[in-house]
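The values are calculated or read from the model by the stated rules, or taken from the named source; none is laboratory data. In this text the structure is predicted, and so the values were computed from the model without any measurement. Neighbour counts run over all protein chains shown; Cβ positions are idealised from the backbone, glycine included. Protein only, heavy atoms only, side chains kept; ligands, DNA and RNA dropped before computing areas. Shrake-Rupley method; radii C 1.70, N 1.55, O 1.52, S 1.80 Å.
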Amino acid sequence: MSASALTTASTTVPKQLVDRFGRTVRDLRLSVTDRCNLRCTYCMPAQGLQWLPGPQLLTVDEIARLARLAVEQLGVERVRLTGGEPLLRRDLEDIVAAVAALRTRHTGDKPDIGLTTNGLGLDRRAAGLRTAGLDRVNISIDTLDQREYATLTRRDRLADVLRGVDGAQAAGLFPIKVNAVAVPGELTERAPRLLAQCLRRGWQLRFIEHMPLGPHGSWRAEEVVGAQQVLTVLREAGFALTPVGRPDRRPAALWEVAAGSESDGQYYPAGRVGIIASVTAPFCDDCDRTRLTADGKLLSCLFGTAEVDLRGPMRAGASDEELARIWARAAWDKPRAHGTDDPQTISGGFTAPTRTMSAIGG
Ligand code: SAM
Ligand code: SF4
């Protein structure tokens, strides 16, 4: 595609990413790779996926350019690096440093930079990432039981992950947030146990509802463990939960957890737990996110099927203004809602995106 063919009728250079429903983008989810060293059952098939060939991945310079456009021109204030497993990129520190050098249009501050990771290798990288400008990490740990972990991720790597968490703590990446998917089955036993273990370690646990973005055929609407069910299970197990602010302010609705009592052998300190109800109570009305895949495709909605290519135009020589216009147009077309909570949509056959979670960037 020639750069000139990209010029739109409009000559105005966009200053923000807004959609036709009045939402404004402030949060960029940047996937830096589609590869992964685990095979979580809810995310990837056992044999893995067809990885993107190296030349298709955005380079550090390309990521830096698009991040600069997003942050310094289009109003993005928070950048979250994800994948696949972002730590598999050896140049992740360079990516973080490039994003940390940016200044947001609204405050003139560095954007908030987060990393979502499975934690493997984080012990060796945390200090360098922190120095490069990383602010926080979310580490995915569905269970602290070695055997359960090996079954769920198809890799016996829990001990390595825990070393990674130690590394993150030693590097001062607080608070440690732990992501756990509320997979169907065994929740009644696993969720309370995991919450108590996280509270004892000072980690903030967030349950994520199982989304239809894993291997084909691995998700059934009727099996989804909804936020209300998770809350019920936790309360029945004895946790005293009080909503923090308005739990309807998504994405992570938060609950204050009162300390457990020592007398009944259930001691854990007070803390917080989050539940991300993307399926049963989607936060589409308040969604301020946009996504860029590792091969430079824009997705305005995690569940969206429409991808808009930025890498092609960028490599064909498009100017910043042209790229900004493409991005603004893609943002404008963001769907109002993804509809996973709509019984008709589900029974009529929810159209899942062609990419699975790891290839989108969760
Ligand atoms: N590999 C990194 C990790 O696991 O944290 C980052 C990428 S992973 C795709 C991002 C998040 O998506 C993880 O917290 C993971 O648990 C979550 N996830 C993956 N598949 C999911 C699904 N089908 N439903 C809900 N969450 C899912
Ligand atoms: Fe890999 Fe993260 Fe997907 Fe697990 S959830 S397979 S760690 S990308």
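Summary of values
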quantity: Computed accessible area, residue 278, all protein chains, 1.4 angstrom probe, square angstrom; calculated: 10 Å²
quantity: Cβ-defined net charge surrounding residue 146, 15 Å radius [Lys, Arg +1; Asp, Glu -1]; calculated: +2
quantity: Relative contact order (%) - criterion: Cα under 8 Å, at least six apart; region: the chain; calculated: 22 percent
quantity: 18 Å cut-off, amide nitrogen to a point 7 angstrom out along residue 105 Cα→Cβ, residues in the stretch 312-331; calculated: 319-331
quantity: Principal axis dimensions, the chain - Cα atoms, whole angstrom, descending; calculated: 72, 48, 43
quantity: Two-site label geometry, residue 156 and residue 124: point separation in nm, points 7 Å out along Cα→Cβ; calculated: 2.1 nm
quantity: Kirkwood Rh in Å, taken over the stretch 81-123 so that all alpha-carbon pairs contribute; calculated: 11.4 Å
quantity: Rounded tilt (10° steps) of 122-132 against the dominant C-alpha axis of the chain; calculated: 50 degrees
quantity: Two-site FRET efficiency, residue 320 against residue 61, from Cβ-Cβ distance with R₀ of 22 Å, rounded to 0.05; calculated: 0.95
quantity: Mean Cβ count within 10 Å, highest first, over the residues of peptides 138-149, 77-88; calculated: 77-88, 138-149
quantity: Projected label distance in nm at residue 20 and residue 221, using a 7 Å step from Cα toward the beta-carbon; calculated: 2.4 nm
quantity: For the chain, calculated [θ]222 nm from helices alone, where every DSSP H run of n ≥ 4 adds -39500 (n - 2.57); calculated: -8000 deg cm²/dmol
quantity: Linear extension gain, residue 147 paired with residue 51, 0.36 nm per residue minus alpha-carbon span; calculated: 31.8 nm
quantity: Partnerless cysteines, meaning none of the other Cys C-beta atoms lie under 4.7 Å away, in the chain; calculated: 36, 198, 284, 287, 301
quantity: Cut-off 9 Å between beta-carbons: net charge of the residues surrounding residue 39, Lys and Arg +1, Asp and Glu -1; calculated: +2
quantity: Spacing of the two label points (7 Å from each Cα toward its C-beta) at residue 131 and residue 267, in nm; calculated: 3.9 nm
